[in-house]
1. Order Tyr10, Tyr44, most accessible first, counting only protein heavy atoms with a 1.4 angstrom probe.
2. How much length would be gained if the chain were fully extended between Tyr44 and Tyr10, taking 0.36 nm per residue of separation minus their Cα-Cα distance, in nm to one decimal?
3. Using a 1.4 Å probe on the protein heavy atoms only, what accessible surface does Trp69 show? Give it in Å² to the nearest 10.
4. Ordering Cys64, Cys28 by accessible area with a probe of 1.4 Å, largest first, what comes out?
5. Full extension from Arg73 to Cys31: what is 0.36 nm times the residue separation minus their Cα-Cα distance, to one decimal in nm?
6. Amide H to amide H, which residues 5 or more places from Ala22 or on other chains are under 5 Å from it, using H placed in the peptide plane?
Amino acid sequence: MPPATAIPFYALRLRHLTVAKAELVATCGACRRSAPLPVLELAYAHGPDTAVRALERRLRCQHCGRKGWATIRVEWFVLRGRVLAAHLENGSW
């Protein structure tokens, strides 16, 4: 579940995910294999202002070898209750 101030997916950039509590997961449309994507490595290789949607056509499946078949989703890590409040107070979020 994304935070209340989430950016729309079409406008999401890699720089937004380097500081957020989120992970990118790519799924191949051909073989249905899924894998997490290293956000920091992608930001370094493609630039932090690269749109997440633009990565879908650049990715190649390591299982079947097809390029451009990927779909990317964002998995948000949401902390609840006191744990979230403690992180916000300490500035560690």
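1. Details: Tyr10 170, Tyr44 205 Å².
From most accessible down to least: Tyr44, Tyr10.
2. 10.2 nm
3. For Trp69, the solvent-accessible surface is approximately 120 Å².
4. Working: Cys64 60, Cys28 10 Å².
Of Cys64, Cys28, the descending order of accessible area is Cys64, Cys28.
5. On the way: separation 42, 0.36 × 42 = 15.12 nm, distance 1.65 nm.
Length difference between fully extended and current span is 13.5 nm.
6. Phe77
The values are calculated or read from the model by the stated rules, or taken from the named source; none is laboratory data. These numbers were taken from a predicted model, which means no experiment stands behind them. Keep in mind that these areas ignore ligands, DNA and RNA; they rest on the heavy atoms of the full protein, side chains included. Shrake-Rupley method; radii C 1.70, N 1.55, O 1.52, S 1.80 Å.
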